[in-house]
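Participant: Sharing a structure, written as structure tokens. Questions coming.
The values are calculated or read from the model by the stated rules, or taken from the named source; none is laboratory data. All values reported here derive from a predicted model rather than from experimental measurement. Note that we place each Cβ from the backbone using ideal geometry, even for glycine, and neighbour counts take in every protein chain shown.
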Amino acid sequence: MNFNRRRRVRCLAFAGTTIVVGLMWRLVPLGLPPFWFKYGGSALWAAMVYWIAAAALPNQRPVKVAAIACCVATIVELSRLFHTPATDAFRISLAGRLLLGRFFSVWDIVAYCVAIGMVAVADQAMTRTTGSR
């Protein structure tokens, strides 16, 4: 299996794992303090965005994938400032709350970028370990 295929499979596996952990984080009553519940969930969502972007772009370096993921996460956060009946109706559904969120917060953007940076560092370390690049 070539490097791009291996990386794509690895990133999709991490994305799937992150989705499962994120759903548990948000839906299972874990008794987390409010800060960790809120920003841990945001960090997991951002990590999922990174892993999906990395799977879609397996030949790109983690720093470039991180920049793209930060842009996507920021755009999704900024989209919360715009309201239409259809998007507001979607945002109050479970899927809408999990995928788009409901309320704009600059602190969410900070949490997204920090989490994406951490995941990119881990991805870079794994990329080096596999002997490519």
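Participant: Return a yes/no flag: does region 97-109 have any residue that is part of a helix (DSSP H, G or I), touching a Ser or Thr at 6+ places or on another chain (Cβ under 9 Å), in contact (Cβ under 8 Å) with a residue 40 or more places away in the chain and more than 19 Å from residue 4 (Cα to Cα).
Facilitator: For region 97-109, residues part of a helix (DSSP H, G or I), touching a Ser or Thr at 6+ places or on another chain (Cβ under 9 Å), in contact (Cβ under 8 Å) with a residue 40 or more places away in the chain and more than 19 Å from residue 4 (Cα to Cα): present.
Participant: Turning to a different aspect of this structure: Kindly establish whether residue 72 is within 11 Å of the chain's Cα centre (by Cα), modelled with pLDDT of 95 or more and either over 19 Å from residue 120 (Cβ atoms) or of a type in the set (A, V, I, L, M) (or both).
Facilitator: So residue 72 fits the description; yes.
Participant: Go through region 57-88 and count every residue that is of a type outside the set (Val, Ile, Thr), in contact with a helix residue (DSSP H, G or I) (Cβ under 8 Å, 6 or more places away or on another chain) and in a helix (DSSP H, G or I).
Facilitator: Of the residues in that region, 7 qualify.
Participant: Is region 97-118 home to any residue that is more than 23 Å from residue 35 (Cβ to Cβ) and out of contact with any strand residue (DSSP E or B) (no Cβ under 8 Å at 6 or more places or on another chain)?
Facilitator: No, the conditions are met nowhere in region 97-118.
Participant: Only one residue in 91, 61, 26 is among the basic types (Lys, Arg), farther than 15 Å from residue 7 by Cβ, surrounded by 12 or more Cβ atoms within 10 Å (Cβ to Cβ) and touching a residue at least 24 places away in the same chain (Cβ under 8 Å). Which one?
Facilitator: Every option except 26 fails the conditions.
Participant: Something else: May I ask you to say which residue of 35, 14 is assigned to a helix (DSSP H, G or I) and exposed (fewer than 13 other Cβ atoms within 10 Å of the Cβ)?
Facilitator: 35
Participant: When both residues are 6+ apart or on different chains and their Cβ atoms are under 6 Å apart, which pairs have a first residue that lies in region 4-15 and is of a type in the set (Phe, Trp, Tyr), and a second that is surrounded by 13 or more Cβ atoms within 10 Å (Cβ to Cβ)?
Facilitator: Taking only residues 6 or more apart or on different chains, the pairs are 14/51.
Table: residues versus (1) within 24 Å of residue 25 (Cα to Cα); (2) loosely packed, with under 12 Cβ neighbours inside 10 Å; (3) hydroxyl-bearing (Ser, Thr, Tyr).
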| site | (1), (2), (3) |
| --- | --- |
| 79 | yes, no, yes |
| 82 | no, yes, no |
| 86 | no, yes, no |
| 100 | yes, no, no |
| 104 | yes, no, no |
| 119 | yes, no, no |
| 122 | yes, no, no |
| 126 | no, no, no |
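Participant: Looking only at region 17-32, which residues are assigned to a helix (DSSP H, G or I) and either of a type in the set (Lys, Arg) or on the phi > 0 side of the Ramachandran plot (or both)?
Facilitator: Selection gives 26 alone.
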